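Please treat every number below as a calculation from the coordinates, not as lab data. Model, not experiment: these values are computed from the prediction. Note that each Cβ is placed from the backbone with ideal geometry, even for glycine, and that neighbours are counted across all protein chains shown.
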Amino acid sequence: MSYEETTRGGARRGISPDGSRPSGLTGSSTRDGGTTRNYAASRPRALTRGAWFDLGAVALMCGAIVIGFAPVWGTPGYLIPTVGGTVLGLAIAWLCAWRRWPAVTVAALAVVGYLLFGAALALPRDAIAGVIPSLTTLRELLLGAVQGWKSFVTTVPPLASFPELAVVPYLMMLLIALVAGSIALRARYASWALVPIVLGFAGVILMGTLDVALPVVQGLAIAIIGLLWGGVRAMGARVGTHSISTEQSREATRRLTWYRVRTGAVILGVAALAAGFAGPALLPGGERVVLREEIVPPLDMHEFATPLSSFRYYSEDAKEAEILRITGLPEMARVRLATLDQYDGVVYDATGKGGATGTFSRVGEQIVTQAEGTPATIEVTSVGYDDVWVPAVGDLTGVHWTGPRGSEQSLGTYYNKETETAVALSGLEPGDTYTLETLLTAPPSEEDLKDATIAEVDLPATEKTALPGQIAPKTAQFIGDKTDQAEKLFLIRDALEAAGILATGSEGAAPARPGHAAERLDSMLDDEDMIGEEEQFATAFALMARQAGIPARVVMGFREDDESEERPAGEEWTVLGSDVHAWIEVPFEEYGWVPVDVNPDEDTKVQPQPQTKDVPKPPVLEEPEPPEEPEQNKAGSVEDDEQDEADNDGFDWGKLLVILLAVAIPLILVLLPILVILAYKARRRTRRRNAEELSDRFSGGWHEVVDVVTDLGTSVPRSATRREGAGLIATKHETPGTLMLAHQADATVFSGRQPSQAEVDSFWKEVDTVIGGLRSSVNTRQRIAAALSLRSVRARMAGGRGFLAACADLVRRGPKEKR
């Protein structure tokens, strides 16, 4: 019988008005072989031996989760933040369970512990003496808790190159251990502690890589430990319901418990071995799903100008200038600035939108790749190079910045594995140095390519209206009726080389306009003498190949010419502006993406014989006369420039929305539990105040007083009558008005008559007065804690009704509360 169900008006024998029992009527004895009463309900579980069993089980299951960070981190360095976060979370859970602090206090203590120990466990680099948090450490801990998750799944592993990302596994394991430990030590149904463990296990898998750690071992360890621990706790809960026990019965219970543990361990162990061997054979071998393979990092490549637009600068203005110094290269190697895969009629640009265009992901000193090749170490020094595109060679396996701005550059280095293109958000400047770890492969010969098969690859399509008008007819002229893809590719190349004149910018060479827009290419292709630089020829070659159904992309970079002075492999190569080149790449099934050059001579060549006699003519469209523009809108006017600047300086609403969400979401997560608790208690009071029967409003008023006292920390015995509870409350809080309320409630409830509304209002006025006196007897901090406390809710659940029944009372209209 709960304190809410007590209906007797008199005091129970053996219980004094202050809630104490006479020493002779306790029902307990200390004599040998006698009976003893189980006081587990009044003693925190954190102070029992069972608490160590709970904490040990949770720690072992957290250890199984920790193993999952090994592949994504790449080194054993992940153990310090993950194990440290687990120990810290369990320690906070035990301390709060011992002191029986409410959820708000637990959350506050978790935040303090996260910031206090985060320096030593996750970010020792900027900490004072590697232990004490500095202002920089606190800032990184706070930012990492919000932004680190995105960086964790969008950065290319191994993540050991990014020590600031240790905040994520540290915080994740702290939260898992804290929630699981708190549930295990405080909840009525301790098995709910397995929920955060399972969610954490799934989270580590989603945040990991396609390379697995020990998923079968992890899963089986969590399952076996969880089932054994949950079974023991459930059995202990059943045994604990008996209030009277003897020493013999307790010994028999201990023997039975360990017998069941041993038996269960053997059964689960056999089942685990069977599942470990049979599971992989029976289950379908699906691909592992991880977030980093699904999420496209938010790097907009259109923010960077295509390097192809600077081709003329290198080939003419900086022709004799030193651009780079590179050591470790093989002979006749190519240095890539950027791979360009989308043409919009104005420029050839890099997209990085997934698929064959790849994605740009943040990388560090180690890059995991499936590519094969000869390992090489390339050292690069920027002499006159100034751009965001990082000169690179081969398939990178690591980038190590060694210059004075190395720490800044390492934080913003992005790499696209598909296109082998690297970008440094802080850019490169003269004097910067870095080292590339890469895999090099020798390109196949042209004879091998002619016998190979061109692969089918989906590249971003170019709008027909953006294509130069001469591309389609010239492509048809060059390839004729050939059907073999490799043959068509080299026919186009040969025709461009035969008909083209290469403008090198040197004295006496043919002049050419810069740029590779559609109008510039049309002008070159329509001319009897195709005069242009490699910028135009490579762009035209790629577009013609695409027109013929051949996937192709443009690459700009540096390479040594056949006429260059012979350089032994590995020795330093001083890259000049004249070493700039542009070429295309085509995918072959046998070799992957292979470079193909188009190199017209500087002298005029004889036009090749067309493959077809009838050369299609490009459609001629009559352009309408442009309307007369007002004088103030002429190109180059000051008004236009000011208008363009005003348009470009428009307010960034998207950025504002991101900032608002970044602030609002954490705020909502913090305030939502508080609002739910306050709303629950307000609804509970309203339900009692407006019960259908007027007599129930009296009992409801008394329940409100008892709930307030319970939230203030005073436990009223469940078996106590109203008058006994009133005596206990009056003694504890020095509020004698509770005795009068209890008498009035008993008199009304058991009188058999219905009170008037005026009597109800007068009674609830007294209830509010008593509650005000109770709250004024404690300080402000205790009043706030009581308002957010769930002790009264747990007390109602302990009465056998359960949480769902308590919640159901709030949505029913006018329920009748037990007296």
Cα centroids of the stretch 656-696 and the stretch 416-436: how far apart, whole angstrom? 52 Å
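Starting with the highest mean, order 320-333, 342-355 by the number of other Cβ atoms within 10 Å, averaged over the residues of each peptide. Intermediate values should be presented prior to the final figure.
Working: 320-333: 16.9, 342-355: 19.1.
The packing order, highest mean first, is 342-355, 320-333.
Considering every Cα-Cα pair within the stretch 298-342, what fraction, in whole percent, is farther apart than 12 Å? Before the final figure, lay out each step's value.
Details: 741 of 990 pairs.
When all Cα pairs of the stretch 298-342 are counted, 75 percent exceed 12 Å.
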What list of ³J(HN,Hα) couplings, whole Hz, do you get for the stretch 102-109 from phi and the Karplus terms 6.51, -1.76, 1.60, once you set θ to phi - 60° and write x for glycine and proline? x, 4, 5, 5, 4, 5, 5, 5
Enumerate the amide H contacts of Val586 below 5 Å, restricted to partners 5 or more residues apart or on another chain; note that Pro and chain-start residues carry no placed amide H. Val594, Val596
Could you tell me the calculated FRET efficiency between Trp52 and Val198, based on Cβ-Cβ distance and R0 = 22 angstrom, to the nearest 0.05? 0.45
Per-bin percent of Cα-Cα distances, the stretch 296-618 [10 Å]: 6, 27, 36, 24, 8, 1, 0
Placing one identical point scatterer on every Cα of the stretch 420-579 and ignoring solvent, what is log10 I(q)/I(0) from the Debye formula at q = 0.09, 0.16, 0.20 Å⁻¹? -0.40, -1.17, -1.41
Checked against a 20 Å limit on the C-alpha separation, the offending pairs among Lys450/Lys488; Lys732/Lys765; Lys450/Lys474; Lys681/Lys765; Lys319/Lys417 are Lys732/Lys765; Lys450/Lys474; Lys319/Lys417
Using the Cα atoms of the stretch 661-811 to build a convex hull, what is its mean projected area in square nanometres? 10.3 nm²
Expressed in angstrom and rounded, the centroid-to-centroid distance over alpha carbons for the stretch 319-374 and the stretch 47-90 is 41 Å
Whether the stretch 148-229 is rounded, prolate or oblate, judged on the alpha carbon gyration tensor where a/c under 1.5 counts as rounded: oblate
FRET efficiency for Thr402 and Trp101 from the Cβ-Cβ distance with R0 = 30 Å, rounded to 0.05, comes out at 0.05
Looking at the P(r) of the stretch 527-605, how many percent of alpha-carbon pairs lie beyond 21 Å? 41 percent
